[in-house]
Amino acid sequence: MGKAQGFFNRHQQQNVWAMTGHILANLWLHQQKINQARLFAKGCASLFLAQYTGEWLNTERQYFDRINQLLVINGEAVPTTTAQFPQYTMLKENGAQKYAPGKDQLFDLIKDFDTQLLFLQKAITLGKKEGLMKLVHTLVDLDTWMRTQILAGQNFLGNDLMTGRYQEDNDDDQW
């Protein structure tokens, strides 16, 4: 069982808004990690990151704001304190990562995109069940954008699309 699957099994309130809080926390931390890689990556990966990180930061910030707005207009709580984001994210932060080779920093960001997909897929499923189509469309768009970034990064690194990514076991069909 993967780390996110275990999390979902333990999560007490599996509704779309709870999952959306995790998506926001993941986006927030991912932006910090993208900025760190942009500043510290060396080698060929620094060229890729110089080309992509501006778009990544802008796009993730736009989705962060759009999703927050959807929460507010639906009367739901929005994570607003710095302490809430590390509590709800499933991404891992490591200050020493800035000293890792550039290709490793890029690969870490790709794996973070992949982790975020797990939360997006769960929220999309829950949003459909709850009839929240505006949120579902926003999350589907974000999912598609992240998958495109994963493909670009994996291609740059010379990896197969699924290298290092989460893959469900056949007996993990609990979602």
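The values are calculated or read from the model by the stated rules, or taken from the named source; none is laboratory data. Keep in mind the model is a prediction, meaning the values are calculated, not measured. Positions of Cβ are generated from backbone atoms using ideal geometry, with glycine treated the same way; all protein chains shown enter the neighbour counts. All accessible areas refer to the heavy atoms of the entire protein, side chains included, with ligands and DNA or RNA removed. Shrake-Rupley method; radii C 1.70, N 1.55, O 1.52, S 1.80 Å.
Couple of notes before you dig in:
- Residues that are open to solvent by 40 Å² or more (accessible area, probe 1.4 Å) and of a type in the set (D, E, K, R) within the range 30-71 comprise Arg38, Lys42, Glu55, Arg61, Asp65, Arg66, listed in sequence order.
- Filter result for Thr125 (at pLDDT 95 or above, under 20 Å from Leu49 (Cβ atoms), of a type in the set (Ser, Thr, Tyr) and open to solvent by 20 Å² or more (accessible area, probe 1.4 Å)): no
- Residue within the range 88-95 that is at pLDDT below 95 and among the polar types (S, T, N, Q) present: yes
- Of all residues assigned to the range 143-158, at least one qualifies as being among the hydroxyl-bearing types (Ser, Thr, Tyr) and either modelled with pLDDT under 95 or open to solvent by 70 Å² or more (accessible area, probe 1.4 Å) (or both).
- So Met1, is it more than 13 Å from Gly102 (Cα to Cα) and at pLDDT 90 or above: no
- Filter result (surrounded by fewer than 17 Cβ atoms within 10 Å (Cβ to Cβ), touching a Gly at 6+ places or on another chain (Cβ under 9 Å) and aromatic (Phe, Trp, Tyr)) within the range 89-122: none
- Test for Leu39: is it modelled with pLDDT of 95 or more, of a type outside the set (Phe, Trp, Tyr) and either in contact with a Phe, Trp or Tyr (Cβ under 9 Å, 6 or more places away or on another chain) or under 24 Å from Tyr166 (Cα atoms) (or both): no
- For the range 19-54, the set of residues classified as more than 15 Å from the chain's Cα centre (by Cα) and charged (D, E, K, R) consists of Arg38, Lys42, listed by residue number.
- Residue under evaluation Val136, criteria (1) of a type outside the set (Lys, Arg); (2) modelled with pLDDT under 95; (3) within 25 Å of Glu76 (Cα to Cα); (4) assigned to a helix (DSSP H, G or I), criterion not met: (2)
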